[in-house]
Amino acid sequence: MNDLFKLADRTYRSRLIVGTGKYKDFRETQRAIEASGAEIVTVAVRRVNITDPSKENLLDYLDPKKYAILPNTAGCYTADDAVRTCRLAREAGVGNMVKLEVIGDERTLFPDIPATLEAARILIKEGFVVLPYIHDDPVTAKKLQEMGCAAVMPLAAPIGSGLGIRNPYNIRIILEHATAPVIVDAGVGTASDAAVAMEIGCDGVLMNSAIAGAKEPILMAEAMKLAVEAGRKAFLAGRIPKKLYATASSPLDGILG
């Protein structure tokens with residue numbers, strides 16, 4: 001099937017986006033990314049060196065011809081800080097596509113929506129391709145898509161919690177009214193969580209902790225690759241309706257007549 005993932009003006013075969021934090025070293029990061037089959041890799045500009053060539057640089061381990069680097073604004077708590085971080089990434093030559101993340105609460109890491117909206121307006125005017133991290137809120141998703149964001153990234157659960165999709169009904173409402181790709185971001189814990197996100201119709205899944213925090217990160221990366229692929233195929237195939245009572249797999253109608 002020619003089922004490509006279109007994001008802004010580019011297309012990808014993989015619908016899995018992976019992060020680069022929490023691994024024991026850059027070599028393990030590299031191996032996990034390769035096992036995941038991901039083509040888009042997100043990097044926290046404030047936490048991982050991608051700007052200073054005199055120090056060990058994550059980009060030395062990622063082939064820019066193979067991967068699209070998605071700088072993110074993790075650790076930013078104001079719109080100004082997020083915008084400044086995106087500008088820094090662009091000046092470093094990473095590109096215009098950014099994951100916008102403005103945190104509103106230090107404990108839950110939930111997004112600050114007013115600040116996210118403010119930063120998104122500024123960045124879009126400056127020519128950035130903006131992918132904002134948000135609550136699973138259909139109203140916010142609609143506002144950001146109307147503003148011109150290239151995708152919306154509703155959380156499944158708090159960042160790093162591993163709880164899976166806590167409110168699939170809100171995600172479904174976002175999908176119903178979506179005019180841009182919907183990428184589940186944050187809260188995935190295991191392969192079945194990723195499969196569920198894809199089965200309900202999400203365009204992609206972004207994760208970091210679920211892979212990096214696993215006992216065997218490389219093996220989990222491979223599992224996530226297969227889960228995203230399986231979930232997408234199940235969505236395209238169309239599941240059978242749920243029924244209260246049994247339906248025979250081999251009907252007897254006409255056999256005894």
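Within region 65-89, being touching a Pro at 6+ places or on another chain (Cβ under 9 Å) and open to solvent by less than 80 Å² (accessible area, probe 1.4 Å) holds for Ala79, Thr85, Cys86, Ala89.
Scan the helices (runs of 4 or more DSSP H) fully inside region 166-257 and keep the ones with 3 or more residues being on the phi > 0 side of the Ramachandran plot, at pLDDT 95 or above and open to solvent by 90 Å² or more (accessible area, probe 1.4 Å). If you could, list the steps in order and put the result at the bottom.
On the way: elements: 168-176, 191-199, 209-212, 217-237.
Those helices (runs of 4 or more DSSP H) do not exist here; none qualify.
Filtered by the rule that a residue be part of a helix (DSSP H, G or I), open to solvent by less than 50 Å² (accessible area, probe 1.4 Å) and in contact with a helix residue (DSSP H, G or I) (Cβ under 6 Å, 6 or more places away or on another chain), region 94-119 gives Ile113, Ala115, Ala119.
Yes/no matrix, rows are residues, columns are (1) β-branched (Val, Ile, Thr); (2) touching a residue at least 60 places away in the same chain (Cβ under 8 Å); (3) closer than 28 Å to Phe110 by Cα:
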| position | (1), (2), (3) |
| --- | --- |
| Gln145 | no, no, yes |
| Glu176 | no, no, yes |
| Thr190 | yes, no, yes |
| Val196 | yes, no, yes |
| Gly204 | no, yes, yes |
| Met207 | no, yes, yes |
| Glu222 | no, yes, no |
| Lys242 | no, no, no |
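The one condition from (1) of a type in the set (Val, Ile, Thr); (2) modelled with pLDDT of 90 or more; (3) assigned to a loop (DSSP other than H, G, I, E, B) that Ile50 does not meet is (2). Yes or no: Asp3 assigned to a loop (DSSP other than H, G, I, E, B), touching a residue at least 40 places away in the same chain (Cβ under 8 Å) and out of contact with any strand residue (DSSP E or B) (no Cβ under 7 Å at 6 or more places or on another chain)? Yes; evaluated as a whole, the condition is true for this residue.
Scanning region 24-47 for residues that are closer than 11 Å to Pro217 by Cα and in a loop (DSSP other than H, G, I, E, B) yields one hit, Lys24.
When restricted to residues that are within 19 Å of the chain's Cα centre (by Cα) and surrounded by fewer than 19 Cβ atoms within 10 Å (Cβ to Cβ), region 120-136 contains 1.
The values are calculated or read from the model by the stated rules, or taken from the named source; none is laboratory data. From a predicted model like this one, the values you see are computed outputs, not experimental measurements. For neighbour counting, all protein chains shown are included, and Cβ atoms are generated from backbone atoms with ideal geometry for every residue, glycine included. When the accessible area is computed, the model is the full protein with side chains, heavy atoms only, and any ligands, DNA or RNA have been set aside. Shrake-Rupley method; radii C 1.70, N 1.55, O 1.52, S 1.80 Å.
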